[in-house]
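Shown next, in structure tokens, is the structure this report addresses.
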Amino acid sequence: MAQACVSEEQFICPLCLDLLNDPVTIPCGHIYSCPQCRQTFSPRPALGKNTMLAEVVEKLKKTKLKAAVPAGPGDVECDICTGRKHKAVKSCLVCLESYCQTHFERHEEFHPGKRHKVIDATRQLQQMICRQHEKLLEVFCRTDQQYICMLCAKDEHKKHATVSTAAERTEKERHLKETLRKLQQRIQQRQKDLEQLREAVESHKRSAQTAVEDSERIFTELIRSIERSRSEVTQRIRDQEKTAVSRAEGQMERLEQEIEDLMNRNSELEQLSHTDDHIHFLQVAQLLQSLSALSESTDNITISFLFSLDDVRESVCQLRHKLEDFCTEEMKKILVSSDSHQLTLDPNTAHKLLRLTGKNRVVTYTDTPQPYPDHPDRFDIYFQVLCRENVCGFCYWELEWSGNVGVGISVSYKSISRKGSGKECVFGRNDQSWSLSCSPSSFSFWHNNKQTKLPVPSSCRRIRVYVDHSAGTLSFCSVSDTMNPIHTVQTTFTQPLYPGFVVGYKSSMKLCDFQLI
């Protein structure tokens, strides 16, 4: 036998929209109160509990409890549920209540002709209610910049500029979209900058590796050249030694032969002195006397090289000194030039009245706005520009400036503000930057809006800037035949520093190529 389908809607109280708790019947046979026949009773009838109906309702409640999701920590609770609260899914802005799925369905059925405005369940429902009138905050007062209800709009905010919250949201969404567009543009630019920086790092690594390999190769060739020179000198000395020794050995053989001959004659003379034969004595004595005269005419024996060994030793010593001096001077150039910093100006930061030339190493004030695109990093009020490169460790750079108004020579954190006319955007007027202000008539140093007046150096148009980031030292010197200090500050740098410049009216500044003074 097929089971009849029992609908939960048959057991819903039309007042509280929940299942009946203790269903009773009245004489007409209907459930209290009677919505079907509208029959009235006088006197009031006695109520009798419908036990069978109560059992059906209890089963429906158990089935409903199994299907419903109880509210957990952080969930919005249903305002209608009794006992254990279930998780709310919707909130009604008219009834000002939150409903679980079951009670929300009952809410929709109870208001079939006039649909209420509902939103996803929220804990902020009470904050959307006017505390004074307990009405929905559906009006925004632009005069007081606050949300109000309709009664507030007709009362104390009567003469104020008011719009609906929907209209205000539309306006705010327009501004939000513009902010979002700029934010996305900045993200894209920063991603592009990051990619460029990564490429620059990789390029620098490749360049450094090439420089190391070239240096190793050149030093190896230099060492080999010195080794060849050493071998040549050694071989030259050995060759001369061999020639001189060979010549001396020939002379030694002749001397040995001569000594042997002389000793033989000496023996013969000793024997002759003992002979009694006068004729024999005279004949032999005359012969030996002639030989003795011949021997006495022999040249003196000397040993000599083709060149002086002392001269060789002296020449090698001089070569060593010259080589050491040359290497020392060249190493000084290499090390000093490695401390100098080759900078380029960043077009994305330059004010539109500053023209960049010379491969972005010269900046000049101009009355004609430059066709730079809008960029979040650009200074829009002050005539300023930053360099692309940051400086760290120990380094320095040089610049030349011209003009009657002057320039500002600065270092700044990249986080300095760029938009507006506030001090937070001006080099030296905030805690983000340090600046030396130069003009033909005055010099001063600025940091955190504090000025230090300085004596004006004579003919100071070329300036060298030293930075020791880890030591927190920033120094400015005028460059001429000698290096003259202008100002030094000791501080603590917490971020990478970017060189920056202020260029006054009809003034210009040029970053100098490094030259050893």
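The values are calculated or read from the model by the stated rules, or taken from the named source; none is laboratory data. Just so it is clear, the structure is predicted and the values come from calculations on it, not from any experiment. Because the Cβ atoms are built from the backbone with ideal geometry, glycine has one as well, and the counts that use them run over all protein chains shown.
Data overview
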item	result
Candidate set: the stretch 432-474, residues that are more than 19 Å from TRP397 (Cα to Cα) and aliphatic (A, V, I, L, M); chosen: the one surrounded by the most Cβ atoms within 10 Å (Cβ to Cβ)	LEU454
Residue that is farthest from THR170 (Cα to Cα) [pool: residues in the stretch 82-91 that are of a type outside the set (A, V, I, L, M, F, W, C) and buried (at least 17 other Cβ atoms within 10 Å of the Cβ)]	LYS85
Boolean, VAL411 is farther than 23 Å from ARG186 by Cβ and of a type in the set (Val, Ile, Thr)	yes
Candidates VAL502, VAL479, VAL489 - the one that is surrounded by fewer than 17 Cβ atoms within 10 Å (Cβ to Cβ), assigned by TED's automatic domain parsing to the domain that holds ILE381 and among the β-branched types (Val, Ile, Thr)	VAL489
Strands (runs of 3 or more DSSP E) enclosed by the stretch 72-148 - at least 1 residues per element that are touching a residue at least 12 places away in the same chain (Cβ under 8 Å), basic (Lys, Arg) and within 30 Å of ALA161 (Cα to Cα)	none
Any hit, the stretch 440-463, residues being in contact with an Asp or Glu (Cβ under 6 Å, 6 or more places away or on another chain) and in a strand (DSSP E or B)	yes
Whichever residue in the stretch 92-128 is under 48 Å from the mean Cα position of the chain (by Cα) and modelled with pLDDT of 80 or more and, among such residues, is surrounded by the fewest Cβ atoms within 10 Å (Cβ to Cβ)	ASP120
Residue in the stretch 289-309 that is farther than 23 Å from SER435 by Cα and at pLDDT 75 or above present	yes
